[in-house]
Ligand code: FE2
């Protein structure tokens, strides 16, 4: 029996949480994943995460929440510092609170998860390639089944990390850009790769936010906070993986989109 994983793309604000309520139970019954993981860095109002929303998501069926550059809300840091089931990218410098990897156990199944953040058009963090490889080697002592959430802007950096870790981890799945790409494949050494898994939230916005706000921002260049729309059709985007328990190679990869 392979290790079965459902990984849900960036959950954006209340519409994202509503889309989960609508679509996640059906996906769980269709695919019967051993582990459900989601990127939740924008789950609270479109920016960051709160303790209450983290707990709501974990209660809704997630085994682990990953994140990225938006996880650092000041009031969230005390929770992040001790949270077992919320990751922040592993390649922040020493001293940053929280942890960047985990090994999940359920029944007799194990899955290692590594969260990394890219550096192209983003913060100048420690090297995600070197840290990703070192963590993959460390987690391999516990299990060959390892998923990487690479929260990054540039497609080139994401694809390069996929090739770099091919055969070293089971999957490199991109997040952060919120637009699902159609380039899913299993690389020659058995690593599942997808440049961006997409997002879970409002369908007719701009990466989960109000389109009128985004258009105004681009027209005027006057900085403004983008808000999450209150109503409108929603979608959930995800990827489902089946990983060989003995080798850690991915056998099956399904890109998923559900929408109103
Ligand atoms: Fe992000």
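With springs only between Cα atoms under 10 Å apart, run a GNM on the chain and tell me which of 15, 78, 128 wobbles the most.
78
For the range 36-108, what is the relative contact order in percent, using Cα pairs closer than 8 Å and at least 6 residues apart in sequence?
RCO, the range 36-108: 27 percent.
For q values of 0.13, 0.15, 0.23 Å⁻¹, compute log₁₀ I(q)/I(0) with the Debye formula on a Cα-only model of the range 4-64, without solvent.
Results for the range 4-64 at q = 0.13, 0.15, 0.23 Å⁻¹ read -0.29, -0.39, -0.89.
Angle between the Cα long axis of helix 128-139 and the longest principal axis of the chain, 0 to 90 degrees, nearest 10?
50 degrees
What number, in nm² with one decimal, is the all-direction average of the projected area of the convex hull of the alpha-carbon atoms of the chain?
Dividing the Cα hull surface by four gives the mean projection, 13.1 nm².
Remind me, relative contact order of the range 1-149 in percent, using alpha carbon pairs under 8 angstrom and six or more residues apart?
About 18 percent, as a whole number.
Take 178, 151 and order them by how many other Cβ atoms sit within 10 Å, fewest up front.
Placing the least packed residue first, the sequence is 178, 151.
Taking a ≥ b ≥ c as the square roots of the eigenvalues of the Cα gyration tensor of the range 1-145, is the shape rounded (a/c under 1.5), prolate (a/b larger than b/c) or oblate?
Since a/c reaches 1.5 but b/c is at least a/b, the shape of the range 1-145 is classed as oblate.
Computed over the Cα atoms, what is the radius of gyration of the range 42-120 divided by 2.2 N^0.38 Å, N being its residue count?
Normalised Rg, Cα atoms only: 1.08.
Take every Cα-Cα distance within the range 130-178, group them into 10 Å bins from 0 onward, and report for each bin the whole-number percent of pairs it holds.
Answer for the range 130-178: a P(r) of 27, 55, 17, 1 percent.
Note down the Stokes-Einstein diffusion coefficient of the range 88-240 in µm²/s, whole number, using a Kirkwood radius over alpha carbon pairs, 10 °C, and 1.306 mPa s.
Working: Rh = 16.8 Å.
The Stokes-Einstein estimate is 94 µm²/s.
So what is the relative contact order of the chain, in percent, for Cα pairs below 8 Å that sit 6 or more residues apart?
21 percent
Tell me, Kirkwood radius of the range 188-245 from alpha-carbon pair distances, in Å?
After inverting the mean inverse Cα-Cα distance, the result is 14.0 Å.
Sorting 252, 18 on the 10 Å Cβ count, fewest up front, what's the list?
By the 10 Å Cβ count, ascending: 252, 18.
When the label point is put 7 Å from the Cα of residue 21 along its Cα-to-beta-carbon vector, which residues of the range 188-208 have a backbone N closer than 17 Å?
200-203
What 222 nm value per residue comes from the helices of the chain, counting each DSSP H run with n ≥ 4 as -39,500 (n - 2.57) and dividing by all residues, nearest 500 deg cm²/dmol? Provide the component values of the computation, followed by the final result.
Details: 6 runs with 66 residues, N = 260.
Helix contribution divided over all residues of the chain: -7500 deg cm²/dmol.
For the chain, what proportion of DSSP beta bridges, expressed in % and rounded to the nearest 5, is antiparallel? Don't skip to the end; give the middle numbers.
Values: 26 of 51 bridges.
Once the DSSP bridges in the chain are tallied, antiparallel ones form about 50 percent.
Give me the percent of Cα-Cα pairs in the range 148-223 that sit more than 13 Å apart, rounded to a whole number.
So the portion of pairs separated by more than 13 Å is 67 percent.
In nm, to one decimal, how far is the residue 94 label point from the residue 129 one, both placed 7 Å along Cα→Cβ?
Those two pseudo-labels are separated by 2.4 nm.
Since every read-out is calculated from the coordinates, none of them should be taken as a lab result. Keep in mind that this is a model prediction, so the values were computed, not measured. All Cβ positions, even for glycine, are placed from backbone atoms using ideal geometry, and neighbour counts span all protein chains on display.
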